[in-house]
Amino acid sequence: MKQFFTLLILCLLSANLGAQKMNSTKKAIIASIEDHKENLIKVSDSIWEYAETAFNESNSAEVLASYAEKNGLTVTRGVADIPTAFTATYGSGQPVISVLGEFDALPGLSQKTVPTKDPRIDGAPGHGCGHNLFGAASLGAAIAIKEQIEAGKLKGTVKFLGTPAEEKFFAKVWMVKAGLWDDVDVNISWHPGANTEADVQSGLSLIDFIVEFYGQAAHASADPWNGRSASDALELYTNGMNYYREHIKPTSRIHYHIQDGGQVVNVVPDYSRIWVRVRDPKRKVMLPTYERVKKMAEGAAIMANVDYKISLVSGIYEMLVNRSGGEIMQKNLELLGPITYTEQEIAFGKGIQEATGKPQVGMDSKIEPLRETEKNPGGGSTDVADVSWNVPNINLSVTTAPKDTPWHSWAVVACGGMSIGHKGMIYASKAMAMTMADLFENPKLVAKVKEEYKTRKGDEKYEAMIDGPPPIGSN
Ligand SMILES: [Zn+2]
């Protein structure tokens with residue numbers, strides 16, 4: 001009798017939702033990524049060197065697209081009316097598993113691969129968010145899956161999406177609107193970071209808009225009474241927003257960037273321009289705040305006796321997390337084990353920490369347990385969130401910089417161009433490809449991930465927060 005129950009339990013265990021193991025497919029995937037390793041590093045390093053900002057990533061996109069093509073994926077360039085957006089696919093039929101690759105840099109963060117601030121080119125952009133690693137790792141995963149489909153080991157379709165302008169305009173919102181995920185069952189994404197975890201945290205929803213004030217120019221001293229100052233309106237507007245901060249929810253944020261406050265001191269400015277961003281972990285809290293902040297522009301314009309115009313740039317949702325997907329990823333991280341570092345890499349990490357005033361503890365690559373999903377997460381926002389409202393999304397964070405590294409800084413650029421970043425990139429590639437393999441091999445896992453997506457989304461209808469074509473060539 002006891003043996004019978006033991007047998008029954010064993011049968012039940014093997015019939016559960018795919019006991020994830022290091023099977024032959026995963027071994028082949030790891031071998032494939034190891035084979036491509038030197039090339040993937042070259043791809044990443046050239047994107048790191050190009051350091052192209054939002055919608056200017058023509059060389060970076062091409063490096064990825066041509067490597068995909070060279071490896072037998074079918075590439076479609078210029079999707080969603082965005083010259084630097086592309087897809088690379090292989091295979092046919094279900095399931096369709098997609099993976100995202102970003103590749104845009106940030107202005108002003110140019111940096112050499114040294115642990116103290118030292119720009120490679122003064123004032124030039126740099127990969128302060130590690131997106132050079134992001135695109136290359138994801139493409140490596142897509143190629144590894146392609147090779148398994150080609151070998152007849154996996155059945156279905158793999159789709160890599162080259163997604164530009166994450167740092168400024170959120171191109172994925174237009175790509176979602178163009179229907180690029182309509183045929184996808186599950187999407188995989190990752191982000192470089194200072195720790196390694198299957199990421200089940202949401203992010204902040206946000207909206208970006210530009211306010212322009214139009215007045216009348218005049219001599220600042222000889223006939224200022226003939227002037228109507230657009231910069232007065234701008235100052236009144238920022239004052240209004242700063243007073244309003246006291247009355248918004250503690251979870252909300254208001255940021256602005258003055259893009260034009262007049263040109264010279266002796267002219268009453270007839271034009272001013274400000275980029276405003278409102279965010280909150282919940283889109284439903286963010287939207288009423290956005291309405292108030294928009295209204296203030298009208299108030300400022302009345303006070304300064306000028307005209308004004310508001311233009312929506314774009315907006316993004318909060319991330320729809322998927323814990324079932326996170327569990328699959330978690331298992332693969334545990335199968336891989338943590339990244340290990342050489343003495344030199346640890347010293348480099350401590351050097352970064354010394355230069356940025358952080359405790360000199362080196363690298364943190366331990367695999368975090370799957371955390372609780374926080375109700376009001378801090379941190380930033382990403383347009384991956386808009387993908388996550390249209391298809392189940394599994395997220396990963398992998399160590400590509402030392403613990404506590406200030407993000408969007410020269411320190412991230414430094415690590416992303418050397419072995420610390422490269423190691424994280426290759427690791428991310430393997431973890432994502434292994435997770436994709438689980439989804440290809442086990443329809444029950446796909447069903448479970450989809451079920452959670454449906455429950456979390458509920459009755460909410462996704463509406464892209466954009467109202468025109470992608471702002472290519474805009475500032
Ligand atoms: Zn990023």
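The values are calculated or read from the model by the stated rules, or taken from the named source; none is laboratory data. Computed from a prediction, not measured in an experiment: that's the story for all the values here. No Cβ is skipped: glycine too gets one built from the backbone with ideal geometry, and neighbour counts run over all protein chains shown. Heads up: the accessible areas ignore ligands, DNA and RNA and are worked out on the full protein's heavy atoms, side chains in. Shrake-Rupley method; radii C 1.70, N 1.55, O 1.52, S 1.80 Å.
Taking the stretch 410-443 as the search range and keeping residues that are in contact with a Gly (Cβ under 6 Å, 6 or more places away or on another chain) and not aliphatic (A, V, I, L, M), which one is nearest to A105 (Cα to Cα)?
G416
The set of residues from the stretch 389-399 being more than 14 Å from the ligand (Cβ to nearest atom) and in contact with a strand residue (DSSP E or B) (Cβ under 6 Å, 6 or more places away or on another chain) comprises V391, P392, N393, I394, T399.
Please enumerate the residues belonging to the stretch 177-196 that are polar (S, T, N, Q) and either out of contact with any helix residue (DSSP H, G or I) (no Cβ under 6 Å at 6 or more places or on another chain) or part of a loop (DSSP other than H, G, I, E, B) (or both).
Restricting attention to the stretch 177-196, the residues satisfying the condition of being polar (S, T, N, Q) are 187, 189, 195-196.
Result: N195, T196.
The set of residues from the stretch 120-130 being within 9 Å of the ligand (Cβ to nearest atom) and touching a Pro at 6+ places or on another chain (Cβ under 8 Å) comprises C129, G130. Pick from the stretch 420-474 the residues that are acidic (D, E) and assigned to a loop (DSSP other than H, G, I, E, B): which of them is most open to solvent (accessible area, probe 1.4 Å)? Only one residue tops the list, namely D459.
When you check S58 against the structure, is it open to solvent by 40 Å² or more (accessible area, probe 1.4 Å), away from the ligand (no atom under 13 Å from the Cβ) and over 22 Å from G416 (Cβ atoms), yes or no? Step through it out loud before you land on a result.
Details: open to solvent by 40 Å² or more (accessible area, probe 1.4 Å): yes; away from the ligand (no atom under 13 Å from the Cβ): yes; over 22 Å from G416 (Cβ atoms): no.
For S58, the condition - open to solvent by 40 Å² or more (accessible area, probe 1.4 Å), away from the ligand (no atom under 13 Å from the Cβ) and over 22 Å from G416 (Cβ atoms) - is not met.
Here is a yes/no grid of residues against (1) buried (at least 17 other Cβ atoms within 10 Å of the Cβ); (2) part of a strand (DSSP E or B); (3) at pLDDT 95 or above:
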site: L17; (1), (2), (3): no, no, no
site: K27; (1), (2), (3): no, no, yes
site: S44; (1), (2), (3): yes, no, yes
site: I47; (1), (2), (3): yes, no, yes
site: S110; (1), (2), (3): yes, no, yes
site: D118; (1), (2), (3): no, no, yes
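Residues checked against (1) surrounded by 16 or more Cβ atoms within 10 Å (Cβ to Cβ); (2) under 30 Å from I394 (Cβ atoms):
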| site | (1), (2) |
| --- | --- |
| G299 | no, no |
| G315 | yes, yes |
| E318 | yes, yes |
| I328 | yes, yes |
| G337 | no, yes |
| I352 | yes, yes |
| G362 | yes, yes |
| E368 | no, yes |
| E372 | no, yes |
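Scanning for something modelled with pLDDT under 95, in a loop (DSSP other than H, G, I, E, B) and more than 16 Å from the ligand (Cβ to nearest atom), does the stretch 375-388 turn up at least one residue? There is at least one residue in the stretch 375-388 that is modelled with pLDDT under 95, in a loop (DSSP other than H, G, I, E, B) and more than 16 Å from the ligand (Cβ to nearest atom).
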